Structures are given as structure tokens and as C-alpha cells.
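J.: Sharing a structure, written as C-alpha cells. Questions coming.
The values are calculated or read from the model by the stated rules, or taken from the named source; none is laboratory data. Remember, predicted model here, so these are calculated numbers, not experimental data. Neighbour counts are summed over all protein chains in view; Cβ atoms, including those assigned to glycine, are modelled from backbone coordinates with ideal geometry. When the accessible area is computed, the model is the full protein with side chains, heavy atoms only, and any ligands, DNA or RNA have been set aside. Shrake-Rupley method; radii C 1.70, N 1.55, O 1.52, S 1.80 Å.
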Amino acid sequence: EPSPNQPFLDKLVSLITELVGADAIEEAVINEKSGDMPTITVRADRWLRTAEVLKMNPELSMNYLRLLAGVDQETHLEVVYQMINLSTQREVCVKVKTDRENPSVPSVTPILATANWNEREVYDLLGIDFPGHPDLRRIMMPDNGVGHPLRKDYEPLDPEV
């Protein structure tokens, strides 16, 4: 039986394809383990325009960033965003992949102000750069800290600490 959120996912994909570009979305699925959450994977170079559409388009109005997290998938890094329309309670999850060697995802802080400290945390702990961020610097680790402790390839200077 199809998910009750499938029509919303189809509409979301249609709007983003039309307003951002046919190549903007790499994958679109219903995440059944997460309460049938509509989930899209967006190309990093299309992420800013997609975020604008998600927030500003009257059919979507994803006006609140509920979650921003970085994930080390071993083969690549990704940033996960969960957005919600506070009026309709509709939610969407957006994933943006980036490579391990030069991880970079455009900052959405100018569009969604609540991304500010979350992007700084992901930068600090996973080393993902957010070009366009107004104040990207370490937030938890010391300024002279070496490496990013949430990366799976992180090797602490003192393994006993």
C-alpha cells in the first residue's frame, strides 16, 4: 500500500524540478522507518535554490528548520535537514551529499537563520565547510584542535582521552 505522503513527495519533486532544475534531485523516497517522511537528496550545487523554494513557495512553506545534522557515511559525508510547515505540520527531510576530501555544502543561514549554530557544530565536529556562512568557526573544540572527532577516520592525539 502506498504511503499517504506519496502525493506530497510527488508534488515536492515536481515543484523542485520545475523551479530549480531537472537535475536538482538525486533521489526521492518515502522513509517508512521515520514515519513515512518524504525524503529527497539534493545536489549540493542546487541546495540554496532548493532551500529558497522549500521556504518561499506558497504550496510548501517549509518555514522552520527542525533539524540540521552531519553524518559520516564512510564513502561520503552528508548534511541532513528536516524542515516543517508550522501551519500544516507537513515535514520534509533533505539530504545533501559531499565528498570526504573537500567537504562543502552551501550555507543556508541566509535563508534559514536557525541553521547558524548547527552549521558551526557540523563544521567543527565533521569538517564540512559551509561557504556563505556569516561566522564559520569552531564552536565546541579548541581553535587549535586537530581533526574532527565525529568523523569515522578521526584519530585522537591521546586515545585514552
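J.: Anything in segment 14-45 that is farther than 16 Å from V96 by Cβ, open to solvent by 40 Å² or more (accessible area, probe 1.4 Å) and assigned to a helix (DSSP H, G or I)? List them, or say none.
T.: S14, T17, E18, L19, E32, K33, S34, listed by residue number.
J.: Which ones in segment 133-150 are open to solvent by less than 60 Å² (accessible area, probe 1.4 Å) and within 17 Å of the chain's Cα centre (by Cα)?
T.: Answer for segment 133-150, where residues must be open to solvent by less than 60 Å² (accessible area, probe 1.4 Å) and within 17 Å of the chain's Cα centre (by Cα): H133, L136.
J.: Any residue in segment 101-112 that is under 18 Å from A69 (Cβ atoms) sitting within a Cβ distance under 9 Å of a residue that is of a type in the set (S, T, Y) and modelled with pLDDT of 95 or more? List the pairs, counting only those 6 or more apart or interchain.
T.: Once the first residue is under 18 Å from A69 (Cβ atoms) and sits in segment 101-112, its partners that are of a type in the set (S, T, Y) and modelled with pLDDT of 95 or more give S104/T98; V105/T98; V108/Y81; L112/Y64; L112/Y81.
J.: Which ones in segment 51-74 are touching a residue at least 60 places away in the same chain (Cβ under 8 Å) and touching a helix residue (DSSP H, G or I) at 6+ places or on another chain (Cβ under 8 Å)? Full working, then the answer.
T.: Here is the first cut: in segment 51-74, the ones touching a residue at least 60 places away in the same chain (Cβ under 8 Å) are 51, 70, 72, 74.
Within segment 51-74, G70, D72 qualify.
J.: Between residues in segment 149-161 that are closer than 23 Å to L77 by Cβ and hydroxyl-bearing (S, T, Y) and residues that are assigned to a loop (DSSP other than H, G, I, E, B) and at pLDDT 65 or above, which pairs lie under 9 Å by C-beta distance while being six or more apart or on different chains?
T.: Y154/G147; Y154/H148
J.: Which residue out of L112, L60, L77 is modelled with pLDDT of 95 or more, surrounded by 13 or more Cβ atoms within 10 Å (Cβ to Cβ), within 22 Å of F8 (Cβ to Cβ) and under 13 Å from the mean Cα position of the chain (by Cα)?
T.: On the way: L60 fails: under 13 Å from the mean Cα position of the chain (by Cα); L77 fails: within 22 Å of F8 (Cβ to Cβ).
When all the criteria are applied, what remains is L112.
J.: Can I ask one more? Can you tell which of L48, L86 is outside any strand (DSSP E or B), open to solvent by 20 Å² or more (accessible area, probe 1.4 Å) and touching a residue at least 60 places away in the same chain (Cβ under 8 Å)? Break it down into steps so the answer makes sense when it comes.
T.: Details: L86 fails: touching a residue at least 60 places away in the same chain (Cβ under 8 Å).
Step by step, each of L48, L86 is checked, and only L48 is outside any strand (DSSP E or B), open to solvent by 20 Å² or more (accessible area, probe 1.4 Å) and touching a residue at least 60 places away in the same chain (Cβ under 8 Å).
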